[in-house]
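The values are calculated or read from the model by the stated rules, or taken from the named source; none is laboratory data. Just so it is clear, the structure is predicted and the values come from calculations on it, not from any experiment. Note that each Cβ is placed from the backbone with ideal geometry, even for glycine, and that neighbours are counted across all protein chains shown.
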Amino acid sequence: MFVLNKNEGYNMEQKNNINYVFFDDNAEHRTFAKNVEKHFGKAAKITFVIGKNSTSDASTSLPDGYNVVDFSEKSVRGLLSDSNSRFFFISRNADRNVHLAFSLMDIAKKLNITTEGISIYIAPNWENIEAFILNKQRSMLRHFDVKLINIPNLAAHTLSAKYKPVDNILFDADTCEAKEDFRVAVLGLNHITREAMFKIYTQGRFVNSKFVLDIYDVGAEAKSGGFKSKYPGFAKDADISFLDYDRFAEAEKALRDNLSKYKLVIADMGDDARNSAFAKDMQEKILEENLAGITVSVYISSPEEDILNGDLYPSIAVFGISESIYNPDAILLESYSRSGRYVNDYYNSTKSDPIKMRNWVGMSEFDRGSNISVADFNYSFIKLIGAGRFSEFGSSADFKKWLHDNPKKFDTLTRTEHLRWCAYLYANGWDCMPLDKDVMVENKNMKDKRHTCLVPFDELDKVSEMFNEDYKKYDADNVEIIYDIYKILNF
């Protein structure tokens, strides 16, 4: 019997007297510092490092009790010599975050300070940053424990906690197949809305339902080529339209005129006030025209209190609130990814060969996300099966018997699992690797992000024949463990 102690091994910050060191005085770091105080109390020390090129507003002062030092070799030597220090480079200026982090590494090298085990948290925004930082460390012969913080991804998690596609479209109770397409609009395609859109997409792929996406943006047509090139599989799987406008005002009006088409609208025009005004306008239209079943989800880091009021704004789902992102629970304790860790532990418990077990610590963000995707979609599977029916299962064996007694539902759920798996890879830039040879040795290419199994479910037979392996069985196996995954996520 596999039993996971959820309190064991996941709280990485139990050590007292940790010194939380923030490079630059900015809104993100101030919010983080305030949440550190709430979470860890007086045991936590907080230090701000302010340099001559800091983004700090000289007219404001930091709260009493915070240490403030300059960005000098003397100050940094003291901080690096403290094994209890954690260093943070998190702001909206991702280039500056990386620049300051590398400046710290340069000083450590110059002063010949041992850096093994010293944690640095950086918020970058470009691809392949892991390899870039690793090469930088190698050139310095430094061994910092670098943790990359994906702010758009964290914001997307706060949206998926509020909005589930499976709750918002109709299904056939007898077959578990969708009865309508899932239609989404995005206003302003950027890092934030892209991650939010992909998070919803990976939870919103169902049998007999297209993922229909309309992107309203200034210069959308110019962005379409790069987007489709970067996400070729997604571009083929989803029904995408890029709607080009010269000004955001025009895009807003066009979206407003077509609002009734969508189940979900994801919006970010780069400014809290503008996003808030847009959300309120959309809520007014929804109420005036009695448009049921539409959710408008806007990225607002510091929302006004009234827009969070569900009675006043029942159709608005604000996501990306700073308090939810810049805090120890999300960044240090990895609360948004913890469910994926439980799934990984479950998979490890089913393997008899220790070599095949995978350690969460040190796992790539792609592999972590794969486990998170399995955890997230468990909710969708329960809804497809029926929460009432699912509650009647007393064991994994009961659930598996029900699956085999209901072959049509089992088949639909298996096909849905394949769609989920494909969607996760598509959202990460993968595409199909064609069977273009008589004999192929590998079924995937990690470097080029190509996989032979990224095909419609019924075409997996050809792939299975090529590699002499039943790939449909993998999807069926993942359906058979729905009950087990549910139990580890909910005990």
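Listed conditions (1) under 20 Å from residue 162 (Cβ atoms); (2) in contact (Cβ under 8 Å) with a residue 60 or more places away in the chain are all met by residue 318, apart from (2). The residues of the stretch 63-111 that are among the β-branched types (Val, Ile, Thr), within 19 Å of residue 121 (Cβ to Cβ) and over 32 Å from the mean Cα position of the chain (by Cα), listed by number, are 69, 76, 107.
May I ask you to say which residue of 164, 199, 223, 179 is of a type in the set (Lys, Arg), free of Cβ contacts under 8 Å to residues at least 40 places away in the same chain and closer than 25 Å to residue 270 by Cα?
Numbers: 164 fails: free of Cβ contacts under 8 Å to residues at least 40 places away in the same chain; 199 fails: free of Cβ contacts under 8 Å to residues at least 40 places away in the same chain; 179 fails: closer than 25 Å to residue 270 by Cα.
The conditions single out 223.
Scanning the stretch 334-358 for residues that are farther than 21 Å from residue 483 by Cα and among the hydrophobic types (A, V, I, L, M, F, W, C) turns up 355, 357. Only a single item in (1) outside any helix (DSSP H, G or I); (2) within 18 Å of residue 204 (Cα to Cα) is not met by residue 352, and it is number (2).
Taken as a whole, the condition of being touching a residue at least 60 places away in the same chain (Cβ under 8 Å) and closer than 30 Å to residue 149 by Cα applies to residue 248.
Here is a list: 204, 219. Which entry is farther than 17 Å from residue 239 by Cβ and not assigned by TED's automatic domain parsing to the domain that holds residue 103? Testing whether each residue is farther than 17 Å from residue 239 by Cβ and not assigned by TED's automatic domain parsing to the domain that holds residue 103 leaves just 219. Going by the structure shown, is residue 299 closer than 21 Å to residue 368 by Cα, within 24 Å of the chain's Cα centre (by Cα) and surrounded by 14 or more Cβ atoms within 10 Å (Cβ to Cβ)? So residue 299 fails the test.
Tallying residues that are within 22 Å of the chain's Cα centre (by Cα) and either polar (S, T, N, Q) or part of a helix (DSSP H, G or I) (or both) within the stretch 412-430 yields 13.
Could you tell me whether residue 243 is touching a helix residue (DSSP H, G or I) at 6+ places or on another chain (Cβ under 8 Å), over 23 Å from residue 379 (Cα atoms), among the hydrophobic types (A, V, I, L, M, F, W, C) and surrounded by 20 or more Cβ atoms within 10 Å (Cβ to Cβ)? Steps first, please.
Numbers: touching a helix residue (DSSP H, G or I) at 6+ places or on another chain (Cβ under 8 Å): yes; over 23 Å from residue 379 (Cα atoms): yes; among the hydrophobic types (A, V, I, L, M, F, W, C): yes; surrounded by 20 or more Cβ atoms within 10 Å (Cβ to Cβ): no.
Here the answer is no, as residue 243 does not meet what is asked.
Within the stretch 343-372, residues that are assigned by TED's automatic domain parsing to the domain that holds residue 480 have Cβ atoms under 8 Å from residues that are of a type in the set (Val, Ile, Thr) and not in a helix (DSSP H, G or I) in these pairs: 346/481, counting only partners at least 6 apart in sequence or on another chain. Entry remark, the stretch 173-190: residues being in contact with a helix residue (DSSP H, G or I) (Cβ under 9 Å, 6 or more places away or on another chain) and part of a loop (DSSP other than H, G, I, E, B) number 7 in total. Residues in the stretch 177-193 that are under 15 Å from the mean Cα position of the chain (by Cα) and surrounded by 22 or more Cβ atoms within 10 Å (Cβ to Cβ): 192, 193. The stretch 431-491 holds helices (runs of 4 or more DSSP H) entirely within its bounds, and those carrying 2 or more residues that are surrounded by 13 or more Cβ atoms within 10 Å (Cβ to Cβ) and over 25 Å from the mean Cα position of the chain (by Cα) map to 460-467, 471-480. Restricting the stretch 316-327 to residues that are out of contact with any Ser or Thr (no Cβ under 6 Å at 6 or more places or on another chain) and surrounded by fewer than 22 Cβ atoms within 10 Å (Cβ to Cβ) leaves a set whose member that is nearest to residue 88 (Cα to Cα) is 327. Right, residue 319: over 25 Å from residue 246 (Cα atoms) and among the aromatic types (Phe, Trp, Tyr) or not? Yes.
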